[in-house]
Each structure stands twice: as C-alpha cells, then as structure tokens.
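Note sheet for the following structure.
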Amino acid sequence: MNENSSSIALSAKNVYKVFGKKPQEAVRRLKSGTSRSELAGHATAAVIDVSFEVKKGEIFVVMGLSGSGKSTLIRMLNGLWEATSGEVIVDGTSITGITPAKLRQVRSEKISMVFQHFALLPHRTVLDNVAYGAELRGVPRSEREKRAREIIELVGLAGNEQKLPDQLSGGMQQRVGLGRALAADTDILLMDEAFSALDPLIRREMQEQLLELQERFGKTIIFITHDLNEAMFLGDRIAVMRDGRVVQIGTPEDILTDPANDYVEQFVQDVDRARVLTAGNVMERPISVVAEGAGPRTALRAMRDTYSSAVYVVGRDRTLRGIVRDRDAIKLVQKGESSLASIIRPVPQAVSVDDVLLDLFVPAIESEVPLAVTDDRSRLVGVIPRVTLLAALGPGTTATGELTIPQQAVPTTVIDELLASGETDAAPAVHGSDPKEVH
Amino acid sequence: MEDFRIPIGEWIETVLDWIKINFAVIFDGVGTAFSALIEGLTDALLAVPEPALILVFALIGWLVRSWQLAIGTAVSFLLVVAMGQWTPALQTLSLVLVAAIVTIAVAVPLGILMARNATASAILRPVLDFMQTMPALVYLIPAITFFSIGVVPGVVATIIFSLPPGVRFTELGIRGVDPERVEAGHAFGATPGQILRGIQLPLAAPTIMGGINQVVMLALSMAVIAGFGGADGAGKEVVAAISTLNVARGVEAGLSVVVLAIFLDRVTSALGAPGDYRSSILAILRRRRANRPSGAEVTTRARV
Ligand SMILES: Nc1ncnc2c1ncn2[C@@H]1O[C@H](COP(=O)(O)OP(=O)(O)O)[C@@H](O)[C@H]1O
Ligand SMILES: [Mg+2]
C-alpha cells in the first residue's frame, strides 16, 4: 500500500462540484440517486463523483465535449476552486480544506498550470513571464533569469526574451505559457485545453514537443482536451467525461477497441485509428512459420497449407531468423539438400509491436507475405496480412475480431492445364501479377 | 394634505449640527490641513517665474503626449498670463490637484474593495449613485457650516462630488481583468496582494486612469463652483463678475478655466493610454529600452 501510494502523483476521491444555491444539499441528493437533470433548475452539477489516480510520470488525459465539466475538474486539482465534496490529494498532501498559505505552497512547489488562452501577463516580457513562478517563490533575480533563459531556449523561443507577449504569434505565446509552467519546476503540470486555441499544424508540433519534454523531464501531466485525436496521441490513459461524470478510464486502445458505452463509442467513431492503434493491437497469430532446424519439405508443406509463397523461420527462442521463399525451397528439394540454412533471407520489413498502423502501410505494400511483427527482443509475436490492416481502420468492427479471408486464387497449374486444352481467346491475354501472391 | 410635510431637511440639519458640535476638533484639523496644503501649493507655484512654470507645463505635455500639446500648452498658458488670470488659475489648479489626489487616494482602495467583496459593492453602489446625482452646489452648504467660508468647503465638496467615477472605474477595471490571468497568479502560488499589485492593478490601469481623468475633470468643474463658497481662484473671479455684471472679467475667467480643463484632460487621458502616443517622450524612452538587446543575445554575439 505504501509503495503503491508513493507512485501516485495525484488522486481525486469522489469529487463533486456543484454551482448554484445549496450545493451541499445538491450533492446529498446526487448521492442518493437524483439525476443531474433533475437538479438543473436549482443548481449545476458540473462534476459528479469523480475518482481517479494519476501515476508519477504519466500523461493522463481528461476528454469530453464542451460543458462536460473538464475545466471545473482541473481547477479543483490545484484548488483554484474548492470541491463541494470529496478530496484531492497532491503528492501525498490533501489539498481539501487546508489553509490558503499551505495551498499556495503546494501550488508553487508541486503543481503548475498551462491555460487555454495562455493567460500571460501582457505587461511583462517573455523572460519575466517565464520567471514568474520563481519570482513568487523569492528566487533571486539573476538565478531565476538564468533558469528562465534555459527554459526559453528549450521551448524554442530563444531570442524573444525581451519581447512582450502580444508581439508573438499564438503558438509562440503558448510556448511561453508552457515555459512558465516548466520553469516553476513542479512535478505536476495541469493543462486545460492548452493547444485548443492553436491552428492544427502548430498544434501537432506542440503535441510532439510536449511528448519530448515529458520524456526528458518525466513530468506528470494532466491534459484536458475535447479532441479525441489529441487525447489518443498524448494520453497514456484517458478519462472520458460526460455530463460531469467520468464514464470510462483506460488506455487509448482500451477506449478505442472496447468503448464502455454508446457515448464513448460515438466519440471514438471519427478518431484517426491509424495513428492510435499499434501493430500489437491488430496482429494475428503467425501460422506460416517453421523452425530453424526444419528442412525444405516442411517449409513447402507449411506454404501449401497457408496458401503463401514464403514462410518465416524462427529460432528456438522464437527470434525471427529470416524468410524462405517457395522457389528457393523447391530448388533445394530438387538438389536433395536437407538444411534450410543456405536459402534463409533476411526479413526486410519486420515491424515492432509498438508501431502505429500509419507506419505499417509502406512495409505492408512492399512485403509479399503478411508483415512480421516482432517484440523488443526480436521475437516473432505476430503477423499482419494486408486485409487485417485495412479492416482495422474501419469503424465498428474491433480490429482483433474474426476476418473472412478472401477466396484464394486458383493455382497456376490448374489454369495452365485449362488453357492448354482449349482454344485461344480473341484478345491477347494480359499478364497480371503472380496469382499465388497473398493479398 | 396641504399641511402634510415630513421635515427631512430639518432632521438632516439637526444631525449635521450635532456632528458639527461633537466633531469640531476633527473638522478643525482637516480644515487646517487642507488650507495649508492648497495655500502652500499655490504659493510654491506662484514663486516660480511665469515663463519657467509654463515651460514645465509644456514639457509635461510632451512627456506624456506630444510636442503639439507642448506648444498648445505654452501658447494657451501665455494667454492666461496675458489676461491677468495667472494667479486665480494657479489657485484653482492647486485646489483641483489637492482634491483630485485625495479623491484618488480614497476612490481607488474603495473600488478595489468593491471589486473583491460583493457585499461592499452592493452597499456602496447606491451611496455612490446618491453622491453623483445630488446637485453639486448642495454639498457646499454643509461644507460651509462645518468648515466656514474659504477654500476648505470647496475642496471637501469637490472630493465628495468627484469621488464616484474614481470608485466606479476602479471596480470596473479590476472586475474586467481576464479571470484566466488572475487564475494564473493563483495557480503559481501568488498571494492576494501579489495578484492585486502584479496582475489586477496593472491590467486595470487604463480603466482606472480613465476614472482619474473623470475625477480631475469633475474636480475642475466643482472647483469653479467652490468660488461660491469663498475659495480663491477662477471660480471666485466668475462669482465676482456675475455680481458686478462684468462681462469682460467673466469671459477672461471662463477662458482660463477652459485652458486648464484642456490641459488636464489631455494629460490625464494620455496617461491612461500610453500606447496611443508614440511621439511622447515616455514612449520614446520605452521603445529604446525594449530594443536594447537582452543579456543572452549579447553573450551569443560576443561568442560569435
Ligand atoms: N462559475 C460557474 N458558475 C456556474 N456554472 C458553471 C461555472 N463554471 C462552469 N459552470 C457550468 O459547469 C458545467 C461544466 O463546465 P466546464 O467545467 O467549463 O466544462 P468544460 O471545460 O468541459 O467545457 C457547465 O454546464 C457550465 O455551465
Ligand atoms: Mg473548458
């Protein structure tokens, strides 16, 4: 338990926030089963019974439509707004009901924030904005400015130290906002729709930079967004909010492949699956595989059984050794050799289980057999036929479900026999691709 | 119905009498302080040779606004001198400055209080409405009973009359600060005082300066009325002109008030919107400071 709680950066326990008259009574009624809409006339229940734990170093995304209570929730996590009921614990310290001085201390030492509309101080230079947290903590000027300059460099704003915020573009202003939060040197970062006001290209750039910075500093980030693609791209885990409640918490894959209810399912319908699902999510059990020690006949048999033109060869520990093609195997049989060693070729297109589908298209096109998927110890853990890759992108079906394999091509020998026995067509035949090739 | 009358006026008179008797010491002290301040300031201004003082006013105009204002100021103040209205104009200016400074010193904190505290706002708002809509001359009567004839009732009436816009604009300005920016202060651990000084007041400054402009203009209009209470200055000149039906004197006194009004308005409104006046000395200095290369750039350049 102790060990567990020390790996938790922040937790919310049955948190409620009600705006309006008699909030306590509204919470009591909500607890006894009254619905949010029944309260509507008297009070707005913005956040209802929300509980979660955020692990240290995690990017925890809270996602939901506008008005679902995300901003209200995040403002309770640093005590900007006090929870009507429930408790918020930041790095082991409960911030519910503590004195204003204690709360200020928690904010300046443990948790900082990036705002949707940047919330920079327009009368201060970029340098002074970034150094703001340190200034409040009483760090001497030269020291805090040195640190601020490092951070400004880090977020890509070097040379703009003496500018005022309104001399910068939106994207640059939010870099200042991010820099201000980083320079505060807190372990936890709250980001409320931090990139929503930016245009798409800059947004993607900022998302990538955020991931880089997170990797480098290991910050715990709680990121709010209404954009599912953003949630999927950034989140280690995602909490989906609806009408003040959290309806599902899970990894991006969980949310995508196993939505908890219709609401989540509708939400995920238009997500860019190619950027979210990984090879590991869609791969199938490898069947055309032979062991290293097997002979060419075994390999050919395996190819015949799986209708493929090649098989993968794996070692004893299932590490991928290479690929053997049908033509090479046939030659080997004709020569009477019994070891595959001489005809094993390297696999040009093996992909990793963590690669997103978007990165699989080119290898899949270039590979004549289902793509080999390997884990971090180069073991063959699965294969992805092209049909599977395509099916995974469609809505509705879960990518790991059963697939109907298209009809196999009639073997060439059969066609050859047929053609030899009959007359020629009026038009000359067009030579297509190898009919034995697997889709 | 003819005989039905509630003697509100008499009641208030009774209350004021009671106040006058019981707080005489305070009134005496306040009166002495005000007259010392105003007379001292007037004497100080009059001690400066006229051309030198006009030059100072002109430079103030250039400092906050433009060289055009500087020239206009110099010409129009010379006109005041030429009309023989220099001494009353400076007396009025002293009254306005002292009254405006005291008003601002009261109004801004009250406005801050009202912006932060809904109850205070709800209580003070009708009081301010009352103060602003009451005809200005009415303030002179109790002020004269408390402080007797002279400059003091004028300054007190002026303060009461010009207070409301100062309070209102301050409250409005602070309430109008982007709440996300105030949240940013809280989120980084600022105390309420640090948020007030570092975020709310600087961001509300243009609005507050608008209020100060209003305060000064109202104070000037009231300072003329203060002439009826015996305050020396342009107002007293006007009163004298009315009682002797002296058109020439009245016009000259009136013109000197107009000159003061234009000068004070242009200067205080420029203070509220410094960004609008790019040729002011202040703006030039600010630009020069902003263009000075930062420390980091200097070191990289040195290394190259
Ligand atoms: N200060 C407030 N007073 C009253 N209602 C509020 C306040 N802030 C938010 N709400 C209400 O709470 C609900 C959730 O709002 P919010 O947390 O801003 O949602 P989101 O950030 O997900 O768009 C909305 O119905 C909103 O109208
Ligand atoms: Mg929001």
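The values are calculated or read from the model by the stated rules, or taken from the named source; none is laboratory data. Source: prediction; values computed, not measured. With ideal geometry, Cβ positions are generated from the backbone for all residues, glycine too; neighbour counts draw on all protein chains shown.
Points to keep in mind about this one:
- Single match in A:V155, A:V176 (criterion: touching a residue at least 24 places away in the same chain (Cβ under 8 Å) and touching a Lys or Arg at 6+ places or on another chain (Cβ under 8 Å)): A:V155
- Sole residue being away from ligand 1 (no atom under 16 Å from the Cβ), within 14 Å of chain B (Cβ to nearest Cβ) and more than 22 Å from A:S68 (Cβ to Cβ), chosen from A:D185, A:D199: A:D185
- Members of region A:9-57 found to be within 21 Å of A:G79 (Cβ to Cβ), within 36 Å of the chain's Cα centre (by Cα) and not in a strand (DSSP E or B), listed by number: A:V27, A:K56
- Some residue of region A:50-60 being within 16 Å of ligand 2 (Cβ to nearest atom) and either within 14 Å of A:Y16 (Cβ to Cβ) or not β-branched (V, I, T) (or both): yes
- A:K110 vs. criteria away from ligand 1 (no atom under 12 Å from the Cβ) and either under 26 Å from A:V139 (Cα atoms) or modelled with pLDDT under 95 (or both): yes
- Failed condition for A:A260, given (1) more than 16 Å from ligand 1 (Cβ to nearest atom); (2) under 29 Å from A:G79 (Cα atoms); (3) free of Cβ contacts under 8 Å to residues at least 40 places away in the same chain; (4) surrounded by fewer than 20 Cβ atoms within 10 Å (Cβ to Cβ): (2)
- Checked against (1) within 10 Å of chain B (Cβ to nearest Cβ); (2) within 15 Å of ligand 1 (Cβ to nearest atom); (3) of a type outside the set (K, R), A:G69 meets all criteria but (1).
- Consider region A:66-100 and keep the residues that are closer than 18 Å to A:E53 by Cα and in a loop (DSSP other than H, G, I, E, B). The one that is nearest to ligand 2 (Cβ to nearest atom) is A:G69.
- Taking region A:382-396 as the range and being surrounded by fewer than 20 Cβ atoms within 10 Å (Cβ to Cβ) and of a type outside the set (G, A, S) as the test, the residues that pass are A:R386, A:V387, A:L390, A:L393, A:P395.
- Count - residues of region A:115-145 that are in contact (Cβ under 8 Å) with a residue 24 or more places away in the chain and at the interface with chain B (Cβ under 9 Å from one of its Cβ atoms): 16
- Checked against (1) more than 24 Å from A:P100 (Cα to Cα); (2) in contact with a Ser or Thr (Cβ under 7 Å, 6 or more places away or on another chain), B:F188 passes all but condition (1).
- Given (1) assigned to a strand (DSSP E or B); (2) within 16 Å of ligand 2 (Cβ to nearest atom); (3) within 18 Å of the chain's Cα centre (by Cα), index of the condition A:V246 fails: (3)
- Search result, residues across region A:319-342 that are in contact (Cβ under 8 Å) with a residue 40 or more places away in the chain and touching a Ser or Thr at 6+ places or on another chain (Cβ under 9 Å): A:T319, A:L320, A:D326, A:L340
- Within region A:50-66, the set of residues being more than 11 Å from ligand 1 (Cβ to nearest atom) and in contact (Cβ under 8 Å) with a residue 60 or more places away in the chain comprises A:V50, A:S51, A:F52, A:V54, A:K55, A:K56, A:G57, A:E58, A:I59, A:F60, A:V61.
- Helices (runs of 4 or more DSSP H) fully within region B:103-199 counting 2 or more residues that are over 23 Å from the mean Cα position of the chain (by Cα) and within 14 Å of chain A (Cβ to nearest Cβ): B:179-187, B:192-195
- Of the set (1) out of contact with any Lys or Arg (no Cβ under 8 Å at 6 or more places or on another chain); (2) at pLDDT below 95, all apply to A:Q162 but (1).
- For region B:187-206, the set of residues classified as aliphatic (A, V, I, L, M) and in contact (Cβ under 8 Å) with a residue 12 or more places away in the chain consists of B:I195, B:L196, B:I199, B:L201, B:L203, B:A204, B:A205, listed by residue number.
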